[in-house]
Every structure is written in structure tokens, then in C-alpha cells.
Amino acid sequence: MKDYGYIKTWEELLWLKDMLMSEPQWVFDIEGTSLDFAKDTIIGIGFTWKREQARYLPLQVYKPIVGFRPFWGEKQQDVLKILKLILENDSEKIAHNGKHDFKTIFHNLNITVSNFNLDTILLYSTLFPGKKRYGLGALSELYPDLTGYKEDTEDIELHKLSMDKLVIYNNKDTDLTYRIAEDYSPQLMKNQKLLEYFTTIKMPLMELASEMEYFGYRIDTEHSLKLHLELIESLNKLKQEINETTKSNINILSSDQVGDLLFNKLKLPIGKKTDGGKPSTRKDDLQKLLEKTNNPVLKLIMTYRATAANKTAMVDAFIPKMKRKDNKEKDYVLDKEGYFHGNFKLWFTNTGRLSSGREEGMEDTKSLNLQNIPRDKRFRNQFLPDKGHLMLCADYAQLELRVLADLCKDPTFLKAFREDYDPHSLVGSFMAGVSYEEVLEGYKTESSKIIRNGMTAKDIRNLSKNIGFGWVYLAADGKFAYLFPGKNDQERIKNEKDAKDRYFATFNRIIPFRNEVIRAARKSGFIQTLSGSIVNLPDINNNIESLKNHAERQAVNGIIQGPSSDLTCKSAIDIRKHIIANDIPARVINLVHDAIYISVEEFYVSTLYETMKSLMEASKFGMKVKMKADIKITDRWDGKDITSKFIS
């Protein structure tokens, strides 16, 4: 028998306070008007302390025309004082996607949730990675008596529900969260390595992500406006060039018109087709067509599309609509101080890398992906440290290569890192069959001398960077042939094969290591990385060849990229701990792949620089390979390097 209900008298509130203060752990969950913490009005908060027992504490009630009114009237502030005692007490707190709850509670009520011990969305996604949905609506299917309870409210704003329906909705939220914690925590405890990963990386990373979201990223809106105008001019020039070259006047963002131009007028070969039977003009399919044909018009069309997409997603949203010369419909996403507040997803990728943007049920929040900002300095220069601060930009050097070297114990790789060789020049030299010194010297001097097969030193080094891991990750034969010189496809395919053979002959521990990873994955159905994370591989023994091959690539990719991502996250966590412990006016503002970005007051920049380098290069997860962190000091993301002013 479920014991559900809500708190409606002062006596009941005191009973709830005493009961929660005496319980060792309990679940909390807020209900509000938005999943954007800055817009949210908290209408109530629910609690569960035992299975099938829950109470909802209403804080605001909504009346048409009148709007929101305090539920407790003149006693509202007294109720909030009680709530503060509850949320700041020493009991262990549990929530589902708690980073939203406690930043919203802090922003709206000035209450800091203490001793947040378990996030069930992280718990479940850590145990069962790779699923598309981890919201309570999806996880309610685990319990027949709760399945589908959110469906009745999908099209209704919560504050417009009747009190009875809202109470049941919230009671089931907290009860479900409690059940997930109670039922699945023991499963985590059985895997010591996974438990350590969860407690030392996933949960602290959630706190860090919440902090990055709450304080945001300062934007140089004047730079954004200038870039907005530049991109409009670039798009106009590209459109004019396409139209003049093809003697047409098409809408380049129209799939039908682009398809007609490419496949009917220019007679380019048709690759994939849409479900409707038309030639596909999707980005990935056009990229394959470009690799095959190197058609100049197709190259212009893809440049136009990429420029337009980046302008819309990563520039226009930073400019008030009244100042834009076009795209007036794009929402303005900055707060009144000029900060962008993103949403970091900690359970979205198999490799553990952070991603950002909207997720399930977050249609009213900002969708910019901070991990997908183009490398073009013009875009990255929009992002600033806090006022009066400088930015520390720290990037691991060749992190995935170093992890691979440690895992496969390849002596050539390990020696290269131990003796500070440039690994890309080294790998490139073996691929091309020339000396390391010749590639390194040619690259450093930007020599135009042809070294082999029509390639300069820079070409050879870039080949190594671009395709070395593609081969490791089981790329199909001939996939990168288009990057190699040659008179025809056959010659380019041969040149790629020769380079690939030299690569694996030199680094001869890679293939045996890769085979062992796949063999172990076939046996267990998953892999567990050095850092402790797991990647489930349900198709690793599938009879369908394409599905099995994809799972094999996932296994090899995950075993290398997982520790790489987790090492970056762990370093960011350690840096944050150091900042807090030493009361340094600094904060982590972003993580992008293998890089960490810090905003710090100028006075502290030198000492924090040295600490960051030490923490990032320290051994983690038992790895023996030498780590290297490249750090520079700037006034903005990808800005002018001013490190020499502070570090001798």
C-alpha cells in the first residue's frame, strides 16, 4: 500500500522535517515551470525516504489571470527556513539528474543542497551505458505499477495540474528514484572498479558540470556581431560563385534543389538514396561523394552549408535580434550579464566524453554544443574568461596515442613518448618510409620540398594525425585513399595500403592488442576500460556482419577513448578541488575533448599554471606512459598566447 500525499499544515511540515533529519538518506525532486534554471519557478519539492512512501511540499500555486501565489501565505518565509534546514542537513541526498535540481534550488531559494551522494541517472547510465533515454519516464518501465505515469501530463504544464494530480506525479517521481537507488546500487557495489569510477569521476563530474552550467561562459557580443556580418558576406560570395559556376540560382539549403543540380545537371554519381527514393544530400553522404569526385561545385556547396549552420548555431544566438542583419527568428540565448549557460550531458556518449545541448524533455533550454565549436579562431574568440580574469587553456598532447601506447605496450611508441619525440612526425615517417628527422625538420621549417609520393613533410605529418587512429579503429581498406597522392584511385589505394602496412609493421603490438580486446569483448559482451567505465556491446557476436563489425569498432574505440576522456575529466575534477581548497578566484569553464579551460584572476595565473601542469601530467589509472599537458595563457579561447609574460 503506497503512502503518498502532500504537506498542507504546519504540524505536518514539522513532522516531515524531524523525520527527514533523522533518516540517513532520502530522495528529493523539485517541480517547476522550466528546465532552464534561470527561468524556473519552483512550485514544490518532493521527498521519499522509504520505498512507496512520499510527500510533496507545495511552495507556489498557480491561478489563471492572477499567476503564482505563495502556497503558505504569510508563513512562506518560515517554511523556506525549514526547507533550508532539511536540504542542508547531513543526510545523504539522492536525486535523478540532480544537477538541475540543486542549481535551481540555489538560484531560486539561495539554499545549498549538502551531501548530495547519489544521482540515479548517473547510476543507471553507468551500469547500462549506450541507451538513448534515461529520464524517469523511460525508467518507469522497470516497475509495472509506475509504468507510463508521466504520459498523462506530457502536454500539460505542471503548474496547471490540479493539486491531486501534481502530488501523485511528484510522489511517483521520488518513489521511482528511491527504487532505482535501492535496487541498482548493489549491482554497482559488485564491480569495485566500476564503483571507483562512479564515485571518483562520474559524481564529482556532475558537480563540476552543474557549476559550469550555473556560472556560464562570457561572450564577446561585439566580436559576435562583427563575425555575423563577415559570415553574411562570405555566404553571399559563396552563393554568387556557385550560381555563376553552374549558371543557376538555387536555394543551397534546399535538398531537392541541390540534388537536382548535383545529380541531374552535373551528373555526379548517385550514392545513398532517401526513404522517398531521392538521391541523398545529407552531409555524410555528400562528404563521401566529395572524397570520390573532388568536385569543386560540391566543395563550394558543402562550405556554404557548413558556414550557414555554424553562423546560425554559434554566432546569431549571441546577438540581440534587433542588431542582426538576418535570421531574426533565432532565439537570443545570453543572460543580462552576457553569459551563455549550457547544458552538459554526462551520460550521452559511450566513451564518457562530455557533450552538451538539449536532451530529453529540455525543449525550452539552450541547445548550443560547446564541444562542437569549430576550430576556426573567429568562432572560438567569442568565448571569454570572467571579467578581470585570464584564461588558462590546457590541452593533453597526443592523449589517445599515449593511452594506446600504454595499453598495447608498444616499445617504439613508449620510447617516443619517453624521449619526447614528436609522435605525429614519427608515425608519419614510418608510414611514408622516410626518416623521422626529415619529416620533423621539414614540418618545423614549413618546407615545400617533396619528400615522398608528392607529399611534403607537413602533408606526411597531417596524414599521421588524420588517419593513424582510423586504421587502429578498424577503418575499411581504402577508406583514406583519397588523402594520398596518386594518378588514379588504384594508385591512391595502393599508396594507402603500403603506408598502412608500414605503420602496423613498425608498431607491431597494435594488432595483437586489438585482437585481444575483440576476443575478450566477444566472451563477455562488454569491455571495461582502465578507468573503470564499461561499454556494452550487444552486437559483438551478431551474425549480421555489419552489426558485428560496428561492435568491434566500438570495443577498440572505447578501450582507448574511454580512459582518454576520463583522464581529462579526472584532471578537471582535481583542479577544481585544488581551486576550492586554496580559495583561488578561478573556476573551470569548459571541457572540450582532451582540453580544460580555466578562468582565473591574473594575480594567480602563474601558480595555477604550474599546479595544472603537475596535476594533468600525474599518473592516473595505473598508466606508466609519460603524459604531457600543453598550457597557454590567453585573454580568450584560442586568443593570442601571452604565456611568456607570466612563465619564464
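Descriptive notes on the structure:
- The mean accessible area for residues of the chain, using a 1.4 Å probe and ignoring ligands and nucleic acids, is 47 Å² per residue.
- DSSP-defined antiparallel bridges as percent of all bridges, the chain, nearest 5: 85 percent
- Under a 5 Å amide H cut-off, with hydrogens placed 1.01 Å from N, TYR6 pairs with TYR56 among residues at least 5 apart or on other chains.
- Rounded if a/c under 1.5, otherwise prolate or oblate - the range 446-513, Cα gyration tensor axes: oblate
- 3J(HN,Hα) along the range 384-396: 10, x, 4, 4, x, 10, 10, 10, 9, 10, 10, 10, 5 Hz, from the Karplus curve 6.51 cos²θ - 1.76 cosθ + 1.60 with θ = phi - 60°, whole Hz, x for Gly and Pro.
- Relative to the current alpha-carbon distance between ASP630 and LYS273, full extension at 0.36 nm per residue lengthens the span by 124.1 nm.
- Extension gain, LYS479-LYS387: 0.36 nm per intervening residue step, less the Cα-Cα distance, totals 28.4 nm.
- Cα gyration tensor shape for the range 457-610, rounded if a/c is under 1.5, else prolate or oblate: oblate
- Area of ASP260 that stays accessible when all protein chains are in place (1.4 Å probe, Å², to 10): 80 Å²
- Net length gained if the chain between MET322 and MET21 were fully extended (0.36 nm per residue, minus Cα distance): 103.2 nm
- By accessible area with a 1.4 Å probe, ligands and nucleic acids excluded, highest first: order of PHE603, PHE430: PHE603, PHE430
- Structure-derived mean projected area of the Cα convex hull in nm²: which label, when the choices are (1) 38.8; (2) 31.4; (3) 33.3: (3)
- Nearest-0.05 FRET efficiency for ARG553 and SER248, computed from C-beta distance (R0 45 Å): 0.65
- In a simple Cβ point-charge model (Lys, Arg +1; Asp, Glu -1; nothing else charged), the range 59-182 has a dipole of about 340 debye relative to its Cα centre.
- Simple spin-label estimate for LYS160 and ILE642 gives 5.1 nm between the two label positions (7 Å along the Cα-to-Cβ direction from each Cα).
- Axis of helix 10-22 versus longest Cα principal axis of the chain: the two differ by about 50°, to the nearest ten degrees.
- Taking every C-alpha pair closer than 8 Å and separated by at least 6 residues, the mean separation divided by the residue count of the chain gives a relative contact order of 13 percent.
- Considering helices alone, the calculated mean residue ellipticity of the chain at 222 nm is -14500 deg cm²/dmol, with DSSP H runs of length four and up weighted by -39500 (n - 2.57) and normalised per residue.
- Listed residues HIS159, HIS550, HIS578 arranged by accessible area, highest first, probe 1.4 Å: HIS550, HIS578, HIS159
- Surface share of carbon and sulfur [accessible, 1.4 angstrom probe, percent] for the chain: 49 percent
- Leading residue at positive end of dipole, the chain (Cβ point charges), from GLN398, ASN243, PHE646: ASN243
- Of LYS377/LYS497; LYS267/LYS299; LYS103/LYS323; LYS265/LYS494; LYS81/LYS150, pairs whose Cα-Cα distance is over 25 Å: LYS377/LYS497; LYS103/LYS323; LYS265/LYS494; LYS81/LYS150
- Here the range 177-261 is assigned +1 on the Cβ of each Lys and Arg and -1 on the Cβ of each Asp and Glu. Its dipole about the Cα centre then comes out at about 260 debye.
- Pairwise FRET efficiency - THR445 versus ASP335, Cβ, R0 = 51 Å, nearest 0.05: 0.60
- Dipole of the chain, positive direction: furthest Cα of TYR134, ASN171, ASN541, with charges on the beta-carbon: ASN541
- Furthest towards positive pole of dipole, ILE373, GLY468, ILE527, structure part the chain, Cβ charges: GLY468
- Helix 163-189 axis, angle to the chain major axis (alpha carbon atoms, nearest 10°): 60 degrees
- Candidate residues GLU151, GLU291, GLU602: accessible-area rank, largest first, probe 1.4 Å: GLU151, GLU602, GLU291
- Crossing angle, helix 76-87 versus the chain [Cα axis fit, 0-90 degrees, rounded to tens]: 60 degrees
- Calculated FRET efficiency for the pair THR147/ASP3, C-beta based, R₀ 22 Å, to 0.05: 0.65
- Think of each Lys and Arg Cβ as +1 and each Asp and Glu Cβ as -1; about the Cα centre, that makes the dipole of the chain roughly 2160 debye.
- Extending 7 Å from the Cα toward the beta-carbon at both ILE580 and SER255 defines two label points whose distance is 4.6 nm.
- Global form of the range 555-627, assessed from the alpha-carbon gyration tensor, a/c cut-off 1.5: prolate
- Modelled this way, with points 7 Å down the Cα-to-C-beta line, the labels at GLU516 and THR303 are 4.8 nm from one another.
- Residue pairs exceeding 29 angstrom between C-alpha atoms, taken from LYS449/LYS487; LYS239/LYS632; LYS190/LYS620; LYS273/LYS328: LYS239/LYS632; LYS273/LYS328.
The values are calculated or read from the model by the stated rules, or taken from the named source; none is laboratory data. Quick caveat: nothing in here was measured; it's all calculated off a predicted structure. Heads up, the Cβs are rebuilt from the backbone with ideal geometry, glycines too, and the neighbour counts pull from every protein chain shown. Note: accessible area is taken over every heavy atom of the protein model, side chains too, but ligands, DNA and RNA are not part of it. Shrake-Rupley method; radii C 1.70, N 1.55, O 1.52, S 1.80 Å.
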